[in-house]
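See below for the structure under consideration.
The values are calculated or read from the model by the stated rules, or taken from the named source; none is laboratory data. Note that the structure is a prediction, hence the values are computed from the model and not measured. Reconstructed Cβ throughout: ideal geometry from the backbone, glycine too, with neighbour counts over all protein chains shown. For accessibility, only protein heavy atoms count, side chains too; no ligands or nucleic acids. Shrake-Rupley method; radii C 1.70, N 1.55, O 1.52, S 1.80 Å.
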Amino acid sequence: YAEPDYRVYAMDTIPNDPYWNLQWGLPKIQAPKAWDILSTTGGANIIIAIIDSGIDLDHPDFACPNKLLPGVDIIKRHDDKDPTNDNDPPQDDYGHGTHVAGIAAACSNNGVGVAGVAWAAPLLPVKVLNAAGEGSYSNLANGIRYAVDQGARVINLSLGGKLPSDSMRDAVSYAVTRGRLVVAAAGNCAAGGSGCGGLINPVMYPAAYDEVVAVAATDSGDGHAYFSEYHPYVDVAAPGVSIYSTLLDNTYGGLSGTSMATAFVSGLAAL
């Protein structure tokens, strides 16, 4: 007889991180199958830039070898009026960047905390948001350019603003024309609410730019998260409700938002 010579694979990889059972998003996107079928958990040459509020540099879930690259605090560098001063560490004092980074690429299968999508991918922390979670377009644009120049292959933008900007658009183009993937949150104002300025489902930038992968959020039942914005430019959706990940001061907890969904997509891109 004749028949196809089918492939066989190991059973799904389940990491030994103690909070795995709280991470509904990873099984939902079939991450264990991906880790097996692709035979990869990321690579040392696929850097994910987390352009956000920084990362908790002392968190145990980023303590594995070669996980955190030096990065930069763009806010302080701008305040110092010295574009070459990279001595200020991008320490997170808000928590958002730390949470996003854990989703994308926390150290995994190490018996500590949570698992990330791209276990082996290095993280480049670029701090552009302050302790209130706010930042300027100019610092964001400078952060994107810095990440590109440092060799980041995937640029995670779990942030956005409601107005277009030539400087932001130019920074995105700078990244994309150099072969980088830019991933951005679609926004959390589908139903209005706090922080939305009275607007419902406003256009968000840089997610609205054609070159950017814009990410909406889903819940654990694969439904549309009520807060997740919806626009023709949205490219993909990912888990974004009660996502358990790393937080400041060596802690863990759940947060919701298209920011969290964006980190899933960035981690998958790194794989």
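Some observations on this one:
- Yes/no for residue 37 being among the β-branched types (Val, Ile, Thr), open to solvent by 30 Å² or more (accessible area, probe 1.4 Å) and without any contact (Cβ under 8 Å) to a residue 60 or more places away in the chain: yes
- Qualifying positions in region 81-111 - open to solvent by 10 Å² or more (accessible area, probe 1.4 Å), in contact (Cβ under 8 Å) with a residue 12 or more places away in the chain and on the phi > 0 side of the Ramachandran plot: 109, 111
- Region 120-167 - residue that is crowded, with 24+ Cβ neighbours inside 10 Å and not aliphatic (A, V, I, L, M) and, of those, nearest to the chain's Cα centre (by Cα): 156
- Residue pairs meeting the criteria (Cβ under 6 Å; at least 6 apart or on separate chains; first on the phi > 0 side of the Ramachandran plot, in region 54-73; second crowded, with 24+ Cβ neighbours inside 10 Å and among the hydrophobic types (A, V, I, L, M, F, W, C)): 71/124; 71/126
- Cβ-Cβ distances below 7 Å connect the following pairs, each with a first residue in region 112-139 that is among the aromatic types (Phe, Trp, Tyr), a second residue that is open to solvent by 30 Å² or more (accessible area, probe 1.4 Å), and a separation of six or more residues or different chains: 119/41; 119/109; 137/167.
- Scanning region 41-67 for residues that are among the aliphatic types (A, V, I, L, M) and over 19 Å from residue 145 (Cβ atoms) yields 44, 46, 55, 57, 63.
- Total residues in region 26-57, condition in a helix (DSSP H, G or I) and under 17 Å from the mean Cα position of the chain (by Cα): 2
- Per the conditions (1) open to solvent by 70 Å² or more (accessible area, probe 1.4 Å); (2) modelled with pLDDT of 95 or more; (3) farther than 30 Å from residue 148 by Cα, the sole criterion not satisfied by residue 70 is (3).
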